[in-house]
Amino acid sequence: MAVATHLTWMQEKKLQNYFGEKQFSLLYKASVHGFSTNSLLQICSRQGPTLTVIYSKDRIVAAYMHKNYGEGNYLITVFVFQETTTTECKVGPFKLLMSFDKDPGGNLEVSMHLKEKTMYFSVKAKKTLGLLQNYISFQDCEVFRCEDLLDERRMNGITVLKESLLCAIRSYIPYGGLVHKIRILLLGPVGAGKSSFFNSVRSIFRGHVTNQALVGSNPTGTSEKYRAYFIKDGKDNNTLPFILCDSMGLSEKEGLDMDDIPYILEGHFPDRYQFNSLKLRPKGIGNHTGCPLLKDRIHCVAFVFNANSVGELSHEMVEKIKKIQRELIKSDVVHVVLLTHVDTLDLITKGDLIDIYKCVPVKLKLEAVHRKLGFALSDIFVVSNYTSEWELEPVIDVLILSALKEMLWAADDFLENLPLEKTEIRRKK
């Protein structure tokens, strides 16, 4: 049976950040393995650096040991975490077993008596830690092995996963061979990160950070043209089996005109089409004078939102997004959501990106988007775009490639759902 910690996600996250992005693996729990020094030492010996945590009614006390439980003298850093404050003091060196001796007289700086569920402090330690008395009674004690969140073993696993995703996307063939390349339209509020997402995808396949699409802080957005971006693979210089389409950002008053969206979905606008501020749509543009082919139309739409501001969307913006959703449903176009800037959410660090969907702040954001905009939770993906980095990060790459793979699979659903007569017409053409 798996043993669970008393720590809440928030408490564990604060401890991880306090100790410099550490991963905690629970080794010993007194209420399960017994309030015995022998049991603790037997289970926790030779585990490397450890964190011992005791739980009292109103605080958590943690003791960090930089080396294995075993023989020798030890320096221990003790922390007291209360609701709004954290205090610490360094104690030792002393023999490890001394720290488990009963010491009500305070001769040792810190000691813990498991059988009596009591931790004792010297006068000096009590003062340094801001305690009112020289002992703390506790209900339970846990010991964790401490490892770097991004240690070599985990980074190797991430690199393998990245290569697997790259291989899957490079070898992807759209459903039924109906088209050679999938067209994915990026839609979202001004500044949400649409152009940055394209730049990030291109960077991964080129093997270095690039910025082909302009990115800026202009309140009206930087994309004033409709762009259809082909991406060449840096491995063999072949174009990849998808096209990322970017347009003007959505806003309450300006930005992309709602009446343009059906034209975009149906494939009437060519690359570099200049959106007309007078809202006059041309009757024929380039080769799109007749009925656009299946290869010209949009096969999947990705709504892009900034994770930090998606909860603050105005009523007008929410209504506009829902109107677009209705148009997509009417056109049978599948759609997903990308939440960008997830790495800038409170308490989130680069190490969290490995299991980002387990992080409480991210779960809350996903649920907020689901409630406010009606998107299915399974259709919401989180990414961290390259905005200020100079080098590629495998952890970031995996998030982006995972989302891209899901968009390609969603486009397959659209192609598979096409009426038979439409697929036959498209094949003949």
- Item | Helix axis angle, 394-416 relative to the chain longest principal axis, alpha carbon, degrees | 40
- Any idea what angle helix 360-373 forms with the longest principal axis of the chain, computed on alpha-carbon atoms, 0 to 90 degrees, nearest 10? 30
- Task: Can you sort V160, V209, V395 by 1.4 Å-probe accessible area, starting with the largest?
- Result: V160, V209, V395
- Note on the structure: With Cα springs under 10 Å, the Gaussian network model of the chain assigns the largest mean-square fluctuation among Q11, Q325, Q133 to Q133
- Calculated FRET value between S36 and D379, using beta carbons and R₀ = 56 Å, to 0.05: 0.65
- Task: Round to the nearest 10 and give me the degree value, 0 to 90, for the angle of helix 315-330's Cα axis relative to the longest principal axis of the chain.
- Result: 60
- For the chain, modelled as a Gaussian network with Cα springs under 10 Å, which listed residue fluctuates most, S45, S196, S384? S45
- Message: Heavy atoms only, 1.4 Å probe, whole protein assembly: order V3, V304 by accessible area, highest first.
- Response: V3, V304
- Message: If exposed means no more than 12 neighbouring beta carbons inside 10 Å and the site is in a DSSP loop, what's the longest run of the chain without any exposed GluC sites (Glu not before Pro)?
- Response: 84-390
- the chain, helix-only ellipticity at 222 nm - DSSP H runs n ≥ 4, -39,500 (n - 2.57), divided by all residues, nearest 500: -9500 deg cm²/dmol
- Message: I'd like to check one number: the per residue accessible area of the chain, probe 1.4 Å, reported in Å² as a whole number.
- Response: 49
- Item | Rounded if a/c under 1.5, otherwise prolate or oblate - region 298-429, Cα gyration tensor axes | oblate
- Find which of N417, I76, L161 sits farthest along the positive direction of the dipole of the chain, computed with +1 on the beta-carbon of Lys and Arg, -1 on that of Asp and Glu, about the Cα centre. N417
- Query: Mind checking the dipole of the chain: about its Cα centre, +1 per Lys or Arg Cβ, -1 per Asp or Glu Cβ, Debye to the nearest 20?
  - Reply: 340
- Pop out the carbon and sulfur fraction of the accessible area of the chain as a percent, whole number, probe 1.4 Å. 51
- Note on the structure: Ignoring ligands and nucleic acids, Y135 exposes an accessible area, probe 1.4 Å, in Å² to the nearest 10, of 90
- Putting +1 on Lys and Arg Cβ atoms and -1 on Asp and Glu Cβ atoms, find which of V3, C44, H113 reaches farthest to the positive end of the dipole of the chain. V3
- Query: Build a GNM of the chain with springs between Cα atoms under 10 Å: which of T84, T50, T340 gets the top mean-square fluctuation?
  - Reply: T84
- Item | Nearest-10 value in Å² for the accessible area of H6, using the 1.4 Å probe | 90
- Item | Option label - Cα extents along the principal axes in Å computed here, alternatives [x] 93, 60, 42; [y] 62, 59, 45; [z] 92, 43, 38 | [z]
- Message: Could you report the accessible area of D271 in Å², rounded to 10, computed with a 1.4 Å probe on the protein chains as they sit in the structure?
- Response: 60
- Item | Charge-dipole axis of the chain as Lys and Arg at +1 and Asp and Glu at -1 on Cβ define it, positive-most pick from A302, G176, I400 | G176
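The values are calculated or read from the model by the stated rules, or taken from the named source; none is laboratory data. Predicted model only: the values in this text are computed from it and were never measured. Don't worry about glycine lacking a Cβ; one is built from the backbone with ideal geometry, like all the others, and counts go over all protein chains shown. These area figures cover heavy atoms from the full protein model, side chains too; ligands, DNA and RNA do not enter into them. Shrake-Rupley method; radii C 1.70, N 1.55, O 1.52, S 1.80 Å.
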